[in-house]
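Engineer: Got a structure for you, written out below as structure tokens; questions coming shortly.
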Amino acid sequence: MTEWYCGVDFGTTNSSAAIFNGEQVRVLSLDSMNDNATSLPSLLYITREGESIVGRAAALAFIERNVDREILLREVDLGVDIEGYIGAEPDKSEAYNPALVDHEVTEAVRARATMEVNSPGRLFQSLKTLLRHRGFQGTDVFGQHYQIEELVSILLKRIKAGVDEAAGRPINKAVFGRPVQFSEWEDENAVAEQRLQRAARLAGFEEVTFFYEPVGACVEYAMQSNGSQRLMVVDIGGGTCDVCIMEFGGQGDVKKRLGDSKICSVAGVPVAGDAIDREITRIKLFPIFGSRCRYGPAQLRMPQYIYNQILDWQNLYKLNTEETIHWLLAAEVSSDDPPGLRALRCLIQRNYGYPIAREVEAAKKRLSFENETHIEFDREDIAIHELLERTEFAHIIEDNLEKMRGSILEAEKRAGVTPQDIDLVLTTGGTSLIPAIRNMLSDRYGEAHMHRRDTFTSVASGLSIVAQYT
Ligand SMILES: Nc1ncnc2c1ncn2[C@@H]1O[C@H](COP(=O)(O)OP(=O)(O)OP(=O)(O)O)[C@@H](O)[C@H]1O
Ligand SMILES: [Mg+2]
């Protein structure tokens, strides 16, 4: 009977899995509805009836059922008194600092929550990012409580089913990837890994070992090439930028070469494609929704928490209360940008947050292959036709790029090497396709030393090879 070894890359945006029989790696097809079947979009949609839909189908279900629909909100009395802050809703702009809120102005108030009473389902994306948040232990979905591990395990069960089917029998042991840094805080890193481990167990992977994701990509390449070499992997996905420097032995079979290899350093930052999408939205789209306008006789600025809620589109519906909508209508007639505030109201009332976020991401991806593109979204009161050029985009991502560069320099420093000591720089992960990022790397290491690996599956492939020796 063939022995199969399994590698799983649970990604912020896409997940993949591979099995290895000691000679060949097989990358699994996990989502036939996706453009690329070997990538399973890490999306989960739970319906009011308790059905779970994962992958591309989850996105389609959300768009079909939740977008462009009447939302019915009800204020629910939670039945307890809490010490509440009374006064205006604090402005959660950059300047907002909870420590500066006047805590004297409190009294016992009745706890209430705004609930959507007719929602057909909830969509979860970037669950991997939630793993690190101690404060987020789980959530109620239509009256049923799901711990974060349970939500993640629903996606992992789909992967497990794909692995078992391909291997022809249950595979209960796997090597999972993990980012070098789930978070900038060490204790959050430990929490995230423990939660991922528990989620994997719930999905049926009884024995789980973790390896850094970029190590997977490094092994995948090294096992297909000859000679001893010092490799750097730069893996930039949806949630994290991971860097690894490894030295490989050049002689013998896979086992001997892996035995003779060593990880010189790893480094990483929790900054990648999602952060870039947020930055594009902030700079290019917020003004279209009136973020810079003034309203009322006192010419007040718009409260920034409304705009920050656009970035958190999964909770955008919470703004769709009678109170907020009436307030927006009043602001609109007294503002210097009525079309902007009308567009904002339409965005909230029609729940267009998700399709707009998808359009921003699509425009960003197009820009990796074109010099300019447009962010287009034209429905009802919203008319977005924003030109996005590469030069402006490079400016928008400057700060994030600098953080990624910082982790690359950190990896060099920890390994005690200079750019000349690196034989090859391997790039993987969707965000590594951005030309400004490729230029940053080729300026430092030279174009001849750059090598692109499969964007979405190289990590899982390498982890399956590593699995044979764990
Ligand atoms: N052509 C492209 N140009 C720019 N960005 C892209 C392109 N294709 C995909 N992306 C971005 O890459 C990210 C997804 O990449 P990937 O699937 O490698 O991430 P992941 O493995 O799920 O995340 P992570 O490894 O951070 O957990 C998304 O942010 C996506 O928008
Ligand atoms: Mg990844």
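Engineer: Considering only residues that are small (G, A, S) and part of a helix (DSSP H, G or I), look in the stretch 297-345 and name the one that is farthest from the chain's Cα centre (by Cα).
Structural biologist: Per the criteria, the residue is A330.
Engineer: What tally of residues in the stretch 338-349 results from selecting those that are in contact with a strand residue (DSSP E or B) (Cβ under 8 Å, 6 or more places away or on another chain) and buried (at least 20 other Cβ atoms within 10 Å of the Cβ)?
Structural biologist: Matching residues across the stretch 338-349 total 3.
Engineer: Could you list all residues from the stretch 130-153 that are within 19 Å of the chain's Cα centre (by Cα) and touching a residue at least 24 places away in the same chain (Cβ under 8 Å)?
Structural biologist: Scanning the stretch 130-153 gives L131, R132, H133, R134, I148, E149, E150, L151, V152, S153.
Engineer: Going through the stretch 13-24 one residue at a time, which ones are over 16 Å from T470 (Cβ atoms) and surrounded by fewer than 24 Cβ atoms within 10 Å (Cβ to Cβ)?
Structural biologist: Within the stretch 13-24, T13, E23, Q24 meet the criteria.
Engineer: If a residue has to be surrounded by fewer than 23 Cβ atoms within 10 Å (Cβ to Cβ) and closer than 15 Å to F20 by Cβ to count, how many in the stretch 201-216 make the cut?
Structural biologist: Result for the stretch 201-216: 2.
Engineer: Would you mention how many residues in the stretch 38-63 are in a loop (DSSP other than H, G, I, E, B), surrounded by fewer than 15 Cβ atoms within 10 Å (Cβ to Cβ) and not charged (D, E, K, R)?
Structural biologist: 1
Engineer: Given the options S368, S464, name the one that is touching a residue at least 40 places away in the same chain (Cβ under 8 Å) and within 16 Å of ligand 2 (Cβ to nearest atom).
Structural biologist: S464
Engineer: Let me ask something else. Does R257 count as over 32 Å from the mean Cα position of the chain (by Cα), of a type outside the set (V, I, T) and under 27 Å from I236 (Cα atoms)?
Structural biologist: Yes: the conditions hold for R257.
Matching residues to (1) surrounded by fewer than 17 Cβ atoms within 10 Å (Cβ to Cβ); (2) in contact (Cβ under 8 Å) with a residue 40 or more places away in the chain; (3) under 17 Å from the mean Cα position of the chain (by Cα):
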residue: K173; (1), (2), (3): yes, yes, no
residue: R178; (1), (2), (3): no, no, yes
residue: S183; (1), (2), (3): no, yes, yes
residue: N189; (1), (2), (3): no, yes, yes
residue: C218; (1), (2), (3): no, yes, no
residue: A222; (1), (2), (3): no, no, no
residue: T240; (1), (2), (3): no, yes, yes
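Engineer: Which ones in the stretch 200-214 are within 23 Å of the chain's Cα centre (by Cα) and part of a strand (DSSP E or B)?
Structural biologist: Those that are within 23 Å of the chain's Cα centre (by Cα) and part of a strand (DSSP E or B): V208, T209, F210, F211, Y212.
Engineer: From Y307, Y317, which residue is at pLDDT below 95, touching a helix residue (DSSP H, G or I) at 6+ places or on another chain (Cβ under 7 Å) and not assigned by TED's automatic domain parsing to the domain that holds R438?
Structural biologist: Y307
Engineer: Let me ask something else about it. Can you pull out the residues in the stretch 209-242 that are in the same structural domain as T427 (by TED's automatic domain parsing) and within 13 Å of ligand 2 (Cβ to nearest atom)?
Structural biologist: The answer is V233, V234, D235, I236, G237, G238, G239, T240, C241, D242.
Engineer: Hey, another quick one. Could you give me the residue pairs with C-beta distances under 6 Å whose first residue belongs to the stretch 408-430 and is free of Cβ contacts under 8 Å to residues at least 60 places away in the same chain, whose second residue is more than 16 Å from ligand 1 (Cβ to nearest atom) wherever it lies, and which are 6+ apart or on separate chains?
Structural biologist: From the stretch 408-430, the pairs are P419/R444; P419/Y445.
Engineer: Output the number of the condition that Y146 fails; it satisfies all remaining conditions of (1) part of a loop (DSSP other than H, G, I, E, B); (2) surrounded by fewer than 23 Cβ atoms within 10 Å (Cβ to Cβ); (3) among the aromatic types (F, W, Y).
Structural biologist: Just one mismatch for Y146, condition (1).
Engineer: Of everything in the stretch 215-261, what is among the small types (G, A, S) and either part of a helix (DSSP H, G or I) or within 14 Å of ligand 1 (Cβ to nearest atom) (or both)? Give them in sequence order.
Structural biologist: G216, A217, A222, G237, G238, G239, G259
Engineer: Taking the stretch 25-36, which residues are under 13 Å from I465 (Cβ atoms) and either within 16 Å of ligand 1 (Cβ to nearest atom) or part of a loop (DSSP other than H, G, I, E, B) (or both)?
Structural biologist: Within the stretch 25-36, V27 is the sole residue that qualifies.
Table: residues versus (1) of a type outside the set (F, W, Y); (2) in a loop (DSSP other than H, G, I, E, B).
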residue: D140; (1), (2): yes, no
residue: E150; (1), (2): yes, no
residue: G162; (1), (2): yes, no
residue: F176; (1), (2): no, no
residue: E184; (1), (2): yes, yes
residue: V191; (1), (2): yes, no
residue: R195; (1), (2): yes, no
residue: R198; (1), (2): yes, no
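Engineer: Return the residues of the stretch 267-301 that are basic (K, R) and over 19 Å from L388 (Cα atoms); say none if nothing qualifies.
Structural biologist: Once the filter is applied, which keeps residues that are basic (K, R) and over 19 Å from L388 (Cα atoms), the stretch 267-301 yields R292, R294, R301.
The values are calculated or read from the model by the stated rules, or taken from the named source; none is laboratory data. Just so we're clear, the structure is a prediction, and the values are computed from it rather than from any experiment. Cβ coordinates were reconstructed from backbone atoms using ideal geometry, including for glycine residues, and neighbour counts include every protein chain displayed.
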